[in-house]
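A quick write-up on the structure given underneath.
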Amino acid sequence: MAPQTVPCQYKTGKTLGSGTYAVVKECVHITTGEYFACKVLNKKFLVGREHMVRNEINVLKRVSAGHKNIVSLHDFFETTHNLYLVFDLCTGGELFDRICQRGSYYEKDAAGIVRTVTSAVKYLHDQGIVHRDLKPENILFKSKAEDAELMLADFGLSKVLDEDNFSILTTTCGTPGYMAPEIFRKAGHGKPVDIWAIGVITYFLLCGYTPFDRDSQYEEMQAICAGDYKFEPAEYWAGVSETAKQFVRDCLTIDPTNRPTASQLLDHQWLHTEVDHVDLLPNVKAAFDGKKTFRKAVLGMMAVKRMQDVSMHEHDKKVKDQDKLKQEVEERKAEAEEEHVNTHM
């Protein structure tokens, strides 16, 4: 698929985000004055990865405008040096940031978010598409309005599946904390990986941290493969219903063949029961902010240690240099004394 090179009809503005291979900028259509988000990919960084981009384009073209909660691809073109993908502009921010800004947050609010995400995932699955990178950072609000639609974004790791090959994907992908056991085992995976991710997202929405969070990525992977998680600490889960916990358990079933489908999840009792007797926001925010503070502290300690290591290294080097210089002086002194003795013999 080689799109025709045409004069650019968009003017780019401020940068909204950046990654390894792409920059996302705000852009405006010169003729209509309509604003969009434009993903700009430099071709020289895509050598050997073109298939990933073409895949994203194919997926987005198939799903664009098909579901109100999925970000649409409006345009795609390329220049000599760049590829441009023009999307819906979502100005309402990331899901969890909006939750933390609220005055209150109940279980029914979490259920409403999960219902919306699951509905969008069902649409994708009905199209033979697996998202493969579901996480709160890829769930955005369309605008800053109070009743703004939630939008599912970033299909860079999605895959259009042949109808007869739903479980032949073996590429390790996604964000570790949200990845299903079968991805790590490389035994082939398909639609059930999105159901697992919905379970992790639901857990996160109910308490502010993820179920398999560990000190290292290796320990996290082991916990995921073993399905090792608990609804703890108890005080964070005291106000959460048993129905919500069961929803999480159903999604986090280790055997993918026993996980519910997106369609079955939409019929789950939790998504149809409005539980609002406990405000979850204080605990959720405390856990989320606490984790951020902890991570920041850890990163800060690591930076200090690196500086100390460098400082220690420089100190050691200085001492060694001084010792070496002292040794050379002593050796020269000894040589001079020896020469002095020899000349006077």
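Yes/no matrix, rows are residues, columns are (1) in contact with a strand residue (DSSP E or B) (Cβ under 6 Å, 6 or more places away or on another chain); (2) in the same structural domain as HIS268 (by TED's automatic domain parsing); (3) at positive phi:
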position	(1), (2), (3)
GLY48	no, no, yes
LEU60	yes, no, no
ALA111	no, yes, no
ASN138	no, yes, no
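Residues that are under 24 Å from PRO282 (Cα atoms) and more than 21 Å from the chain's Cα centre (by Cα): does the range 110-117 have at least one?
So far as the range 110-117 goes, yes, one or more of its residues are under 24 Å from PRO282 (Cα atoms) and more than 21 Å from the chain's Cα centre (by Cα).
Among the residues of the range 59-74, which ones are without any contact (Cβ under 8 Å) to a residue 40 or more places away in the chain and either among the acidic types (Asp, Glu) or part of a strand (DSSP E or B) (or both)?
LEU73, HIS74
Residues that are within 19 Å of CYS8 (Cβ to Cβ), part of a strand (DSSP E or B) and in contact with a strand residue (DSSP E or B) (Cβ under 6 Å, 6 or more places away or on another chain): does the range 86-94 have at least one?
Yes, that holds for at least one residue.
I need the full set of residues from the range 89-124 which are closer than 22 Å to SER72 by Cβ, of a type in the set (Gly, Ala, Ser) and touching a Phe, Trp or Tyr at 6+ places or on another chain (Cβ under 9 Å), in order please.
Matches in the range 89-124: GLY92, GLY93.
When you go through (1) in a helix (DSSP H, G or I); (2) closer than 30 Å to PRO192 by Cβ; (3) modelled with pLDDT of 75 or more one by one for GLU274, which number turns out not to apply?
(1)
The values are calculated or read from the model by the stated rules, or taken from the named source; none is laboratory data. Note that the structure is predicted; figures quoted are calculated from it, not measured. Ideal geometry is used to build each Cβ from the backbone, glycine not excepted, and the neighbour counts take in all protein chains shown.
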